[in-house]
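First the structure, which I've put down as structure tokens, then a few questions once you've had a look.
The values are calculated or read from the model by the stated rules, or taken from the named source; none is laboratory data. Model, not experiment: these values are computed from the prediction. Glycine also receives a Cβ, built like all others from the backbone with ideal geometry; neighbour counts cover every protein chain displayed.
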Amino acid sequence: MKMLYFFDQFLDFISAVVKYVILMMTTCIFIIVLFTVFSRYLFNYVASWSEEVPRYLLVWIGFLGAALAVRQDEHIGFDYIFNKLPPTGQKILALLLNLGIVIIGLIMVVYGIDFVKQFGGDWMESIPFTNIWFYSSLPVSGALILLYILREEIKGIIALLNRNE
């Protein structure tokens with residue numbers, strides 16, 4: 001149980017970092033869009049990167065947010081069916097749903113890495129960076145989902161084995 005405590009502390013730290021990164025990305029989007037609106041209407045100038053960068057940041061925010069949703073158990077579920085089941089059935093269904101999330105996380109990691117290898121060297125449209133920064137959002141978020149769901153699976157198995165609760 002001590003290992004679970006340390007694993008929880010590690011995941012709490014990772015979650016705090018991810019939340020901070022999402023906050024910084026959202027702030028950057030706000031500043032870029034504000035800059036773009038003012039520069040367009042005041043100076044009749046639009047930076048070439050002002051559409052591309054917020055789009056890439058939004059993709060990162062979406063994927064990282066999906067991982068945090070798994071951590072906070074806010075992902076899609078079958079509440080109606082789930083609530084109609086007895087407690088043991090709920091625990092089993094929760095494990096099966098988590099297994100589905102594991103499969104999705106694995107797909108994100110495996111195919112995301114392949115995607116980064118194939119297309120990561122391509123250049124972004126309007127900024128001098130390769131697409132590795134954009135495409136790496138998929139395997140990074142997939143890995144976070146796997147970490148978070150691993151903890152949920154461990155908790156679910158422990159709850160299933162402890163039928164006293």
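Cβ-Cβ distance below 7 Å, separation of 6 or more or different chains: which pairs start in segment 29-57 with a residue that is at pLDDT below 95 and end on one that is among the charged types (D, E, K, R) and in a loop (DSSP other than H, G, I, E, B)?
Sorted first by the residue in segment 29-57, then by its partner, the pairs are 52/125.
Related question: Within segment 115-157, how many residues are surrounded by 17 or more Cβ atoms within 10 Å (Cβ to Cβ), in a loop (DSSP other than H, G, I, E, B) and of a type in the set (Val, Ile, Thr)?
Adding up the residues that qualify gives 0.
Output the residue which, of all residues in segment 31-68 that are among the aromatic types (Phe, Trp, Tyr), more than 19 Å from residue 127 (Cα to Cα) and surrounded by fewer than 13 Cβ atoms within 10 Å (Cβ to Cβ), is farthest from the chain's Cα centre (by Cα). I'd like the intermediate steps shown before the answer.
Taking segment 31-68 first, the residues among the aromatic types (Phe, Trp, Tyr) are 35, 38, 41, 43, 45, 49, 56, 60, 63.
Then keep just the ones that are more than 19 Å from residue 127 (Cα to Cα); that gives 38, 41, 43, 63.
Now restrict to residues that are surrounded by fewer than 13 Cβ atoms within 10 Å (Cβ to Cβ): 38, 41, 43.
Numbers: 38: 32, 41: 35, 43: 38 Å.
Only one residue fits best here, namely 43.
Conditions: (1) surrounded by fewer than 16 Cβ atoms within 10 Å (Cβ to Cβ); (2) modelled with pLDDT under 85; (3) farther than 30 Å from residue 36 by Cβ. Residue 91 meets all but one. Number of the miss?
(1)
Of the conditions (1) more than 15 Å from the chain's Cα centre (by Cα); (2) surrounded by 17 or more Cβ atoms within 10 Å (Cβ to Cβ), residue 112 satisfies every one except a single condition; which number is it?
Result: residue 112 fails condition (1) only.
Are there helices (runs of 4 or more DSSP H) fully within segment 1-98 with at least 1 residues that are out of contact with any Ser or Thr (no Cβ under 6 Å at 6 or more places or on another chain) and within 28 Å of residue 112 (Cβ to Cβ)? List them. So that I can check it myself, show each step before the final result.
Working: elements: 2-43, 52-71, 79-84.
The qualifying helices (runs of 4 or more DSSP H) are 2-43, 52-71.
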